[in-house]
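I have placed the structure first, in the form of structure tokens, so that the comments after it can refer back to it.
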Amino acid sequence: MDDVSVSTTAITAEQESACPCCGRPVYEGEGVLESDSRELAHYGYRWAEGHESRFTIGICALDEHGGNVAGLAVVSGRGDGEQLIYTVLDPEQAPWGGSASLGKVLTRKELLEDGVIPDLFSLLDAIVANEPRISSRILGGTALE
Ligand SMILES: [Zn+2]
């Protein structure tokens, strides 16, 4: 995706709630990843203070007609001090369920073995780099401290 210019647009304002386990703030928001010509993916993120700076992103990849490619991929990310490490989550680990528009939450097998979203990690990198509400926290050192 290096040769394609992409950007993100917020769909929802960031919501703050209290973490059910520790009461620290949890932030959630939604947006869309776009190229010059079309929407590439809808996504949602969840960022909890504490918790080893882990964050979670749900991605619904869109095809060239705006249709849902496969369903909802849910990935957990964290910084290890040098790079971001992603872990694909199974549905029972995901903080979100599927929906009529997003489809069902995909399994690790479907995503990692069957490759139902072939460019999942390119989309992830593009979202993390271009969504200011995520990138500012990573680049600001929150995730990489
Ligand atoms: Zn907590």
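Would you confirm whether any residue within region 79-97 is in contact with a strand residue (DSSP E or B) (Cβ under 6 Å, 6 or more places away or on another chain), of a type in the set (Phe, Trp, Tyr) and within 19 Å of Ala10 (Cα to Cα)?
yes
So, in region 63-87, how many residues would count as being part of a strand (DSSP E or B), of a type in the set (A, V, I, L, M) and either within 16 Å of the ligand (Cβ to nearest atom) or within 19 Å of Glu30 (Cα to Cα) (or both)? Talk me through it step by step, then tell me what you get.
Taking region 63-87 and keeping what is part of a strand (DSSP E or B), we get 68, 72-79, 84-87.
After this cut, where a residue has to be of a type in the set (A, V, I, L, M) as well, the list is 72-75, 84-85.
Then keep just the ones that are either within 16 Å of the ligand (Cβ to nearest atom) or within 19 Å of Glu30 (Cα to Cα) (or both); that gives 72-75.
Final tally of qualifying residues: 4.
Look through Leu102, Leu84, Leu89 and report the one residue that is within 20 Å of Val32 (Cβ to Cβ), of a type in the set (A, V, I, L, M) and touching a residue at least 24 places away in the same chain (Cβ under 8 Å). Spell out how you get there, then give the answer.
Details: Leu84 fails: within 20 Å of Val32 (Cβ to Cβ); Leu89 fails: within 20 Å of Val32 (Cβ to Cβ).
After applying the criteria, what remains is Leu102.
Please determine, by comparing only the residues of region 2-35 that are free of Cβ contacts under 8 Å to residues at least 24 places away in the same chain, more than 16 Å from the ligand (Cβ to nearest atom) and assigned to a loop (DSSP other than H, G, I, E, B), which one is surrounded by the fewest Cβ atoms within 10 Å (Cβ to Cβ).
Among them, the one singled out is Asp3.
Has region 54-62 got at least one residue that is in contact with a Pro (Cβ under 9 Å, 6 or more places away or on another chain), within 16 Å of the ligand (Cβ to nearest atom), open to solvent by less than 70 Å² (accessible area, probe 1.4 Å) and within 21 Å of Leu84 (Cα to Cα)?
yes
Looking at (1) in a strand (DSSP E or B); (2) surrounded by 15 or more Cβ atoms within 10 Å (Cβ to Cβ), which one does Trp96 not meet, given that it meets all the others?
(1)
Is it the case, given these coordinates, that Gly71 is of a type outside the set (Lys, Arg) and in contact with a Leu (Cβ under 6 Å, 6 or more places away or on another chain)?
Numbers: of a type outside the set (Lys, Arg): yes; in contact with a Leu (Cβ under 6 Å, 6 or more places away or on another chain): yes.
Yes: the conditions hold for Gly71.
So which residues in region 1-10 are modelled with pLDDT of 95 or more and out of contact with any helix residue (DSSP H, G or I) (no Cβ under 8 Å at 6 or more places or on another chain), if there are any at all?
Of everything in region 1-10, just one residue is modelled with pLDDT of 95 or more and out of contact with any helix residue (DSSP H, G or I) (no Cβ under 8 Å at 6 or more places or on another chain), namely Thr9.
The values are calculated or read from the model by the stated rules, or taken from the named source; none is laboratory data. Just so it is clear, the model here is predicted, and its values are computed rather than measured. All Cβ positions, glycine included, derive from the backbone under ideal geometry; neighbour counts span all protein chains shown. When the accessible area is computed, the model is the full protein with side chains, heavy atoms only, and any ligands, DNA or RNA have been set aside. Shrake-Rupley method; radii C 1.70, N 1.55, O 1.52, S 1.80 Å.
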